[in-house]
Amino acid sequence: MEIISTISEMKSVVRQARIKGQSIGFVPTMGYLHQGHLELISRARRENDLVIVSIFVNPLQFGPTEDYEKYPRDTEADSQKAESAGCDIIFLPEAGEMYPAGYSSFVEVEGIDQVLCGASRPGHFKGVATVVNKLFHIVAPTRAYFGQKDAQQALLIQKMVSDLSMDVEVIVAPTVREADGLAMSSRNSYLTHHERQAASVLYKSLNAAKELIAAGERNPQKITGLIFDLLQNEPLANIDYVEVVDASTLKNFEQVLSNRVLIALAVRIGKTRLIDNLIMDLEV
Ligand code: AMP
């Protein structure tokens with residue numbers, strides 16, 4: 001496996017692969033890899049000739065009071081894990097390589113970037129769309145792999161690719177979870193032992209909501225109300241948002257749930273902000 005840190009070298013390797021007619025599978029990450037990332041890499045391995053994983057903690061998508069500086073980083077462990085999952089090349093640029101002095105071009109996907117995480121993290125999705133757009137230009141992937149864990153991000157990327165007629169297939173893979181249901185995340189490493197136990201409340205409340213819907217409840221307020229109650233019973237949990245929305249538009253339902261429902265939440269456990277979601281297909 002090779003590690004490439006400059007854009008010019010990455011582009012030149014990609015150009016060679018394209019000339020040979022190879023398909024390129026691309027997994028963008030911020031590193032500190034866990035099983036969620038590794039499943040995306042393994043899938044990219046199965047479906048493409050060349051597998052490229054980017055590791056880049058993107059300063060543009062962090063707010064001024066967020067955890068950019070302390071975001072966990074471990075390039076050595078990441079290289080080993082990525083290689084064993086089938087990665088051929090890690091693209092590992094410095095921030096100055098991606099955003100040199102004077103950088104001033106940005107991408108915005110209006111509408112869906114203003115709700116859920118976009119409402120609590122202003123500018124976050126502009127940072128995500130900009131970096132993914134730039135990475136797509138550098139890596140020129142045939143297929144790009146994203147996790148359902150970040151449902152809004154996956155939707156945003158799909159919308160950007162469609163709106164801008166980009167030549168890449170976006171694949172969204174299921175959320176990988178710990179034994180107690182907690183969605184794997186690099187940020188789980190911030191949790192103390194106590195907080196880690198408390199964090200299972202996210203998945204438990206999503207599941208309770210799912211059961212309520214499966215039992216026939218269609219009133220969105222009843223669903224969010226149940227989740228609020230369960231989260232509020234956990235003393236270490238501080239709710240950022242709980243939303244039940246249409247999974248393809250992220251719009252609230254007027255009165256009654258229908259079609260594809262996204263139940264999404266963001267909760268602070270101690271100082272750590274965690275997100276999770278479930279999608280349910282309802283019969284119309
Ligand atoms: P990140 O390094 O957190 O930016 O994540 C990189 C990619 O991995 C994104 O597409 C995430 O949605 C995906 N991902 C992160 N955690 C999980 C998980 N638990 N299950 C599936 N995909 C994940």
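The values are calculated or read from the model by the stated rules, or taken from the named source; none is laboratory data. All values reported here derive from a predicted model rather than from experimental measurement. Counting neighbours? That spans all protein chains shown, and the Cβs are built from the backbone with ideal geometry, glycine included.
Restricting to region 32-65, name every residue that is more than 23 Å from ALA140 (Cβ to Cβ) and part of a helix (DSSP H, G or I).
Answer for region 32-65, where residues must be more than 23 Å from ALA140 (Cβ to Cβ) and part of a helix (DSSP H, G or I): GLN35, GLY36, LEU38, GLU39, PRO59.
Any chance you could count how many residues in region 185-203 are β-branched (Val, Ile, Thr) and either near the ligand (Cβ under 10 Å from one of its atoms) or in a loop (DSSP other than H, G, I, E, B) (or both)?
Adding up the residues that qualify gives 1.
So, VAL261, is that one outside any helix (DSSP H, G or I), under 24 Å from the mean Cα position of the chain (by Cα), crowded, with 19+ Cβ neighbours inside 10 Å and without any contact (Cβ under 8 Å) to a residue 60 or more places away in the chain or not?
Yes, satisfied.
Go through (1) modelled with pLDDT of 95 or more; (2) farther than 14 Å from TYR203 by Cβ one by one and return the number of the condition ILE269 breaks.
Result: ILE269 passes all but (2).
Out of LEU206, LEU182, LEU212, I need the residue that is within 14 Å of the ligand (Cβ to nearest atom), over 18 Å from GLN35 (Cα atoms) and modelled with pLDDT of 95 or more. Which one?
Selected residue: LEU206, the only one of LEU206, LEU182, LEU212 that is within 14 Å of the ligand (Cβ to nearest atom), over 18 Å from GLN35 (Cα atoms) and modelled with pLDDT of 95 or more.
Among residues belonging to region 183-215 that are in contact (Cβ under 8 Å) with a residue 24 or more places away in the chain and in contact with an Asp or Glu (Cβ under 7 Å, 6 or more places away or on another chain), point out the one that is farthest from ARG260 (Cα to Cα).
So, considering only residues that are in contact (Cβ under 8 Å) with a residue 24 or more places away in the chain and in contact with an Asp or Glu (Cβ under 7 Å, 6 or more places away or on another chain), the one farthest from ARG260 (Cα to Cα) is ALA198.
Would a scan of region 99-109 turn up a residue that is among the aliphatic types (A, V, I, L, M), within 20 Å of ASP150 (Cβ to Cβ) and surrounded by 15 or more Cβ atoms within 10 Å (Cβ to Cβ)?
Taking every residue of region 99-109 in turn, at least one turns out to be among the aliphatic types (A, V, I, L, M), within 20 Å of ASP150 (Cβ to Cβ) and surrounded by 15 or more Cβ atoms within 10 Å (Cβ to Cβ).
Could you tell me whether region 2-23 includes any residue that is within 13 Å of the ligand (Cβ to nearest atom), in a helix (DSSP H, G or I) and of a type outside the set (D, E, K, R)?
No, the conditions are met nowhere in region 2-23.
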